1. Given 159, 146, 142, which one is surrounded by fewer than 15 Cβ atoms within 10 Å (Cβ to Cβ) and outside any helix (DSSP H, G or I)?
2. Quick check on segment 208-236: of everything there that is at pLDDT 85 or above and in a loop (DSSP other than H, G, I, E, B), which residue is farthest from residue 113 (Cα to Cα)?
3. Assess whether residue 234 counts as being surrounded by fewer than 13 Cβ atoms within 10 Å (Cβ to Cβ) and not acidic (Asp, Glu).
4. Those residues that are among the hydrophobic types (A, V, I, L, M, F, W, C) and within 23 Å of residue 111 (Cα to Cα), I need them from segment 209-237; list them, please.
5. Report yes if residue 182 is at pLDDT 90 or above and crowded, with 19+ Cβ neighbours inside 10 Å, otherwise no.
6. I'd like to check something: does segment 106-121 contain any residue that is within 25 Å of the chain's Cα centre (by Cα), over 25 Å from residue 144 (Cβ atoms) and either at pLDDT below 75 or of a type outside the set (A, V, I, L, M, F, W, C) (or both)?
7. Within segment 76-89, is even one residue modelled with pLDDT of 70 or more, surrounded by fewer than 12 Cβ atoms within 10 Å (Cβ to Cβ) and part of a loop (DSSP other than H, G, I, E, B)?
8. Please enumerate the residues belonging to segment 197-218 that are within 26 Å of the chain's Cα centre (by Cα), surrounded by fewer than 21 Cβ atoms within 10 Å (Cβ to Cβ) and touching a residue at least 40 places away in the same chain (Cβ under 8 Å).
Amino acid sequence: MLTASLMTGITGFQTFSGVAGPNTAQRGPDLLDEVLAALGAGSPDSGGAGARPVLVALDDVAWDDPDVVAALRALPEARSARRVLWLLSGTGGPASPALCRHPDTVELTLGPLRRRDALRIAADRLGGAPDASVEHLITACGGHPGLLTAALEALTGGGGHRVSGGVARLVSASPPPQVVATLLNADPRLSARTRSLLGAVAARQLPPRMSELAQLPDGQAVSVLGAVREAVEAGVLVLDGDRLRFRHPLLYEAAALLGREPSADDAEGAVLSPTEQTITRLVAAGLTNRQIASRVNLSPHTVNFHLRKIFQKLGVCSRVELVGTRLHLLGPEFDADPTPPTHESRPAHAG
């Protein structure tokens, strides 16, 4: 959103934003509708603000949400009295390449921080140039800006470093445990399921083989291999031949700390409210958000809000992952209403 602010000041764009509040995160499709309605009400001949181009900046876009995807597909055909620049940011990017094929669409992928830039950020935050021990910690962050910031905040907040002669050094030979734990706990790319897997991998004498994991029972293999893929994509694990190894020694130490913590699996089933449990089971039955809404007497957007809370509580990122890896925590099978759901144009798994 810093980019949006700078563009607004430099280019003279008029900005439009929703009202921030506790419900802002789950009202993405509603916000898009409101923006389009507001843009359509303007007139290019009215002069002043009405004639200026409009910059609409939306952060943390949920690319996998079917309602958001449908709203984004409608943007190229949306009629507006003014020129509009949409700036959408989020982790991962759209799952459907079709969203990026419009000739007026530009997709930017931000890679990891370069070593030079990461060192500059650390020097600014710590008040001195990092020495080899601090650079060891910086390297473990893998160039992820948010993770680097969290690790540096934990280091400074816990008094884990000192500055002498313009050089920042660790107080002890290695970073404090709370700083090391941050390397996994603060990584937004890792779900609770993946963190549990990393703790189990660190507890083994020998790193597991991919060939061993592929021989697990189908239901367990889906969960485990999904977590492995997430850890590899985040740069926590790497494949060394057939074996999985940690990319950095401090990541292994962080996973070992996780392995000594009590598992959250036993408590996960209890953290969902009765409504959330019902919605989860209806998702497992293949119902869309609109069909679920009619069953539980809620609006589709309220159902979507509950699903986001469920995803966050259970550490999953999609409906498929929710059904495939977490449904067993909810107890007995749900006795679904035998009445067939009403027909919709979208497939049941699309939400």
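The values are calculated or read from the model by the stated rules, or taken from the named source; none is laboratory data. Quick caveat, the model's predicted, so the values are computed rather than measured. Cβ: placed from backbone, ideal geometry, glycine included. Neighbour counts: every protein chain shown.
1. Residue meeting the stated conditions: 159.
2. Filtering first and then ranking leaves 208.
3. no
4. Within segment 209-237, 227, 228, 231, 232, 234, 236, 237 meet the criteria.
5. On the way: at pLDDT 90 or above: yes; crowded, with 19+ Cβ neighbours inside 10 Å: yes.
Spelling it out, residue 182 is indeed at pLDDT 90 or above and crowded, with 19+ Cβ neighbours inside 10 Å.
6. No: zero hits.
7. Checked segment 76-89: no residue is modelled with pLDDT of 70 or more, surrounded by fewer than 12 Cβ atoms within 10 Å (Cβ to Cβ) and part of a loop (DSSP other than H, G, I, E, B).
8. Correct list: 199, 200, 202.
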